[in-house]
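Structure, as structure tokens:
The values are calculated or read from the model by the stated rules, or taken from the named source; none is laboratory data. What you see is a predicted model, and the numbers here were worked out from it, not measured in a lab. As a convention, Cβ positions derive from the backbone with ideal geometry for all residues, glycine included, and neighbour counts pool all protein chains shown.
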Amino acid sequence: MKRIIDLTLTLKHGMRGVAFETKYTRANKGWNAQTLHLYSHCGTHLDAPIHFEASHKTVTDIPLHRCISPAWVVNLAGIAPGALITVSDLGRISEKIQPGESLLIRTDWSERLGTPEYYAALPRVSRELAQWCVAHSITMLGVEPPAVADPKNIPEITEIHKILLAADIIIVEGLTNLKALTQEKVLFMAFPLKIEAGDGAPVRALAIENEGIDDLV
């Protein structure tokens, strides 16, 4: 029996880059509706190559079939704030993963959402790991922090994004609820809003657990 796990942060008014305002109400218009103001990298989102000018590809240039793939889950719960994530942290998964598959890094960092540490002390993807992902033709790299590298360190965040995005690796940031996964390998999906010329977009990310996961793609 398939089990579907939602890995998406709920967008709420007041979150970084998120604001809602009432447009209509049932009383004055006949229905309820809101106007949504969304930063292109708010909540759970993906990055398009144009985000760091790794290429001119935008959100709409990402084929939908690349937004779904088998993914290996690396459990790094309890990782230290600010830690660099290296290939050795992947353990035996580094020997199992195949070209075209994806990598999800569980850190439980989403539990720090709303605290200063969430942005200021996030664990980061190392240059070594980014290059390893390229060498192994990873499809998507998903992380719980809001970025794969330190947003305060422009050279670092630029380098890591460019390494990954230049190789057409889809970066999914701001994942949550990875602790609910019970399998080492899942079917992962992250479908973005279809935004013209988008440098990134919020996604609905989910995982499916099933014994025959490779037969679903």
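Can VAL148 be described as of a type outside the set (S, T, N, Q), assigned to a loop (DSSP other than H, G, I, E, B), within 19 Å of SER94 (Cα to Cα) and within 18 Å of the chain's Cα centre (by Cα)?
When the stated conditions are applied, VAL148 passes them.
Write out, first by first residue and then by second, each pair whose Cβ atoms fall under 7 Å of each other, whose residues are 6+ apart or on separate chains, and whose first residue, in segment 196-209, is modelled with pLDDT of 95 or more while the second is among the acidic types (Asp, Glu).
Taking only residues 6 or more apart or on different chains, the pairs are GLY200/ASP47; LEU206/ASP6.
Within segment 17-43, can you find the residues that are of a type in the set (Ser, Thr, Tyr) and either touching a residue at least 24 places away in the same chain (Cβ under 8 Å) or closer than 22 Å to ALA205 by Cβ (or both)?
Once the filter is applied, which keeps residues that are of a type in the set (Ser, Thr, Tyr) and either touching a residue at least 24 places away in the same chain (Cβ under 8 Å) or closer than 22 Å to ALA205 by Cβ (or both), segment 17-43 yields TYR39, SER40.
Could you tell me how many of the residues in segment 105-123 are of a type in the set (D, E, K, R) and assigned to a helix (DSSP H, G or I)?
Qualifying residue count for the region: 3.
Would it be correct to say that ALA130 is among the small types (Gly, Ala, Ser), over 12 Å from the mean Cα position of the chain (by Cα) and not in a loop (DSSP other than H, G, I, E, B)?
The answer is yes for ALA130.
When you scan segment 19-104 for strands (runs of 3 or more DSSP E) that lie fully inside it, which ones turn up with 1 or more residues that are surrounded by 19 or more Cβ atoms within 10 Å (Cβ to Cβ)?
So the answer is 45-47, 68-75.
Among the numbered criteria (1) surrounded by fewer than 19 Cβ atoms within 10 Å (Cβ to Cβ); (2) touching a Leu at 6+ places or on another chain (Cβ under 9 Å), which one does ALA130 miss?
All conditions are met except number (1).
Quick check on my filter: what residues within segment 1-16 are within 14 Å of VAL203 (Cβ to Cβ) and either of a type in the set (Ser, Thr, Tyr) or part of a loop (DSSP other than H, G, I, E, B) (or both)?
Within segment 1-16, LEU7, THR8, LEU9, THR10, LEU11 qualify.
How many residues are closer than 18 Å to ASN75 by Cβ, in contact (Cβ under 8 Å) with a residue 12 or more places away in the chain and surrounded by fewer than 18 Cβ atoms within 10 Å (Cβ to Cβ) if we restrict to segment 105-125?
1
Out of segment 166-192, which residues are assigned to a loop (DSSP other than H, G, I, E, B) and surrounded by fewer than 16 Cβ atoms within 10 Å (Cβ to Cβ)?
Residues satisfying the conditions are THR182, GLU184.
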